[in-house]
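Trainee: What follows is a single structure, and I will ask about it in a moment.
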Amino acid sequence: MAWVAGVDGCERGWIAAFSDPELRHAPIVKVFGSFTEILDCAYSPSLVAVDMPIGLPETIDGAGRGPEQAARKVLGRRASSVFSIPSREAVYAVTRTLNGMAEIKAGHDRAGDVASRTSTPSKRCTRQAFMIFPKIREIDSLLRDRPELRLRVREVHPEIAFWTMNDEKPLGFGKKAVAGGEERAALLALQGIPQATLCLAAPEGAKRDDMLDALAGLVVARHIAAGRERSFPSEPERDSHGIPIAIWTFPPARSPAQESAEDTPMTDRPVPRAMIEAAAQRIAGHARVTPVMQLGTGAFGSAADISLKLEALQHAGSFKTRGAFNNLLSLPVPAAGVSAASGGNHGAAVAYAARERGVKATIFVPEISPAAKIEAIRRFGADVRIGGAQYDDAQAACDAFVAETGALKIHPFAAKETIAGQGTLGREWDLQEPDLDTVLVAVGGGGLISGIAAWFAGSKVKVVGVEPEHSRALQAALEAKGPVEVTVKSVAADSLGARNVGPLVHEVCKDTVDHVALVPDEWITKAQAVLWRDFRLAVEPGGAAALGALLSGAYAPRAGERLGVLICGANVDLATLGAIVG
């Protein structure tokens, strides 16, 4: 079961309130000595909403960071509770433990001098802000060292959370007052926090107002996990390390008419960013955050600055787990369960997601599917049906099964739910590497590149597709200005072997994909060998195709270009890989 958490600082460290996003279980409230302990505890929350400043600008222009300035505008007389955090240099001006009032005063004076020098107009830091600098540094260091956590840890502010719960109206009492505590507890009760929890004494090492603030963070975390989120400011900034700078809350309750009007995408794109954001929150805790490997300039003999996004480490061995979970968590599942046609990876992902959700899965695969992929599908508990020479034959059999049984069909690329799920990879990659110039993405049916291109649409990042020379459905569609049938013959045909990308993929990609690079099969297998030899990564042909484009020169980056290469599939037959690498 996935958990979310609200967290506040307290005397003994941190107080955390845990529950599932649907609040089926009463919140569990505990005190921890370090923030890392919260992330690594038995509940392992997929989303943490913490009352602590996250993201530190190098200089401060105005009365604090952007989130603090935006929050004060709506809080009325409670605005003073949002105090200013100074520059990164000021927060790190004193890092050793201070003992006694004299040391604390000297440390505060030193940090104040730095804050004054790095702010316009010049402003020293308050004693209240200075006393939480160690906790700010604790989270900041963690997010700098582990970029994948930037999706998982969000800054909240209790006064903004309670203002939201109060229909965007200021509260009547301060939180230290008895009446203020009662007012906040009543608002939490309206958000579903059980009275039994609200009547509990705070755990040792924390105060009651700390506990209420942690529960307010839990409320915000639940809304964010459900795809209902709002930030102050409305367009979050990033600091010099790429860490987002924003206070997060959620929109207040709306009428059905308001829901309908506000949920209409303010864009003509078939898969807007908001759809991908919602998918990211929906699948949080179900799909892994996969790492990026920085190789630097000169890797593979290139003059570009190269990194590898290791999506091959995803559950079930490929990115397709993202789209599978987004479908299962977005759509009603009938008694007949779910069905999919697949060359292997999509089937394994659907089988894995269905098993995790307790749903029956029937997967149709063509005769060309490798034994390793078929075995993986069966291992995840699905009913596997083999037939037809190519992927499209398996799809026809799947369609007939769905028509007969009423099962939910999960298409590997011709569905917005799938594309939005795959788009979460682009969102995650963007947060991990905000300065990329170009990404290389392998293309089969086009669901993956559609999702990634939909995320990066309108940004400076150039999205380049990679197809085998003799399996070029997307390139053919872009040239013909519409989907067309192609013949397929490639070493990567089991995963990059669609004959036709279909109208939805073409519609997404025609304005968002820069171009498609074609890579010879021999360079795909050479890329597999390089990934095993140099990194001990066992990768299937389709998963290595993007690197093959770089190695072969099918894509030639310019000097200094920041190039991200997607390694996207690990379901390889080890005997076949052994023959390739010798």
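Any read-out appearing in this document is the output of simple, stated calculations on the displayed coordinates, not a laboratory observation. Note that the coordinates shown come from a computational prediction; the quantities given were computed from them, not determined experimentally. Positions of Cβ are generated from backbone atoms using ideal geometry, with glycine treated the same way; all protein chains shown enter the neighbour counts.
Trainee: Can you list the residues, at least 5 places off or on another chain, whose amide H is less than 5 Å from the amide H of Arg562, using H built in the peptide plane?
Mentor: Counting only residues 5 or more places away or on other chains, the set is Asp305, Asp437, Thr438.
Trainee: Taking neighbour counts of Cβ atoms within 10 Å as a proxy for exposure, in what order, fewest first, do Leu550, Leu187, Leu218, Leu200 appear?
Mentor: So the residues, fewest neighbours to most, are Leu200, Leu187, Leu550, Leu218.
Trainee: Still on this structure, please answer the following. Given 25 °C and 0.890 mPa s, compute D for the range 1-125 with the Stokes-Einstein relation, Rh being the Kirkwood radius over Cα pairs; round to the nearest whole µm²/s. Write out the running numbers ahead of the final one.
Mentor: Details: Rh = 16.8 Å.
Value of D from the Cα-based Kirkwood radius: 146 µm²/s.
Trainee: Which ³J(HN,Hα) values, rounded to whole Hz and listed in residue order, are derived for the range 546-562 from phi using the Karplus coefficients 6.51, -1.76 and 1.60 in 6.51 cos²θ - 1.76 cosθ + 1.60 with θ = phi - 60°, glycine and proline given as x?
Mentor: 5, 5, x, 5, 5, 5, 7, x, 4, 10, 10, x, 7, 4, x, 5, 8
Trainee: Let me ask something additional. For every helix of n ≥ 4 consecutive DSSP H residues, a contribution of -39,500 (n - 2.57) applies; sum these over the chain, divide by its total residues, and give [θ] at 222 nm rounded to the nearest 500 deg cm²/dmol.
Mentor: That calculation yields -12500 deg cm²/dmol at 222 nm.
Trainee: Could you give the semi-axes, largest first, of the ellipsoid that matches the range 49-264, computed as the square roots of 5 times the alpha carbon gyration tensor eigenvalues and rounded to whole Å?
Mentor: Sorted largest first and rounded, they come to 30, 21, 17 Å.
Trainee: Suppose every K and R has +1 on its Cβ and every D and E has -1 on its Cβ; what is the size of the dipole of the range 484-559 about the Cα centre, in Debye to the nearest 20?
Mentor: 220
Trainee: Determine how many Å³ per residue the convex hull of the Cα atoms of the range 106-210 encloses.
Mentor: Residue-normalised Cα hull volume stands at 186 Å³.
Trainee: Relative to the longest principal Cα axis of the chain, at what angle does helix 100-117 sit, 0 to 90 degrees, rounded to 10?
Mentor: It works out to around 60 degrees.
Trainee: Ok, one more. Need the list of lysines near Lys309 for cross-linking: C-alpha distance under 26 angstrom, and skip anything on the same chain fewer than eight residues off.
Mentor: Filter leaves Lys320, Lys373, Lys416, Lys460, Lys462, Lys510, Lys526.
Trainee: If you don't mind, there's one more thing I want to ask. Roughly what angle does helix 345-357 make with the longest principal axis of the chain, taking Cα atoms, 0 to 90 degrees, to the nearest 10?
Mentor: With rounding to tens, the tilt is 40 degrees.
Trainee: Assuming R0 = 60 Å, what is the FRET efficiency of Ala335 and Asp435, from their Cβ-Cβ distance, to the nearest 0.05?
Mentor: 0.80
Trainee: Quote the relative contact order of the chain in percent (integer), defining contacts as alpha-carbon pairs under 8 Å separated by 6+ residues.
Mentor: Across the chain, relative contact order equals 12 percent.
Trainee: In addition: For the Cα atoms of the chain, what angle does the longest principal axis make with the long axis of helix 416-432, in degrees from 0 to 90, nearest 10?
Mentor: Around 60 degrees separate the two axes.
Trainee: Follow-up question, since we're still on this one. Please give the direction-averaged projected area of the C-alpha convex hull for the chain, in square nanometres with one decimal.
Mentor: Directional mean of the projected Cα hull area for the chain stands at 27.9 nm².
Trainee: I need Met211, Met101 ordered by Cβ neighbour count within 10 Å, fewest first.
Mentor: Met101, Met211
Trainee: Here is a further query. What are the extents of the Cα atoms of the range 319-409 along their three principal axes, in Å, largest first?
Mentor: Sorted largest first, the three principal extents are 32, 26, 19 Å.
Trainee: Once all Cα-Cα distances of the range 442-582 are split into 10 Å bins that start at 0, what whole-number percent is in each one?
Mentor: Whole-percent P(r) values from 0 Å outward: 13, 43, 34, 10, 0.
Trainee: For the range 398-505, what ratio Rg/Rh do Cα atoms give with a Kirkwood hydrodynamic radius?
Mentor: Rg divided by Rh gives 1.01.
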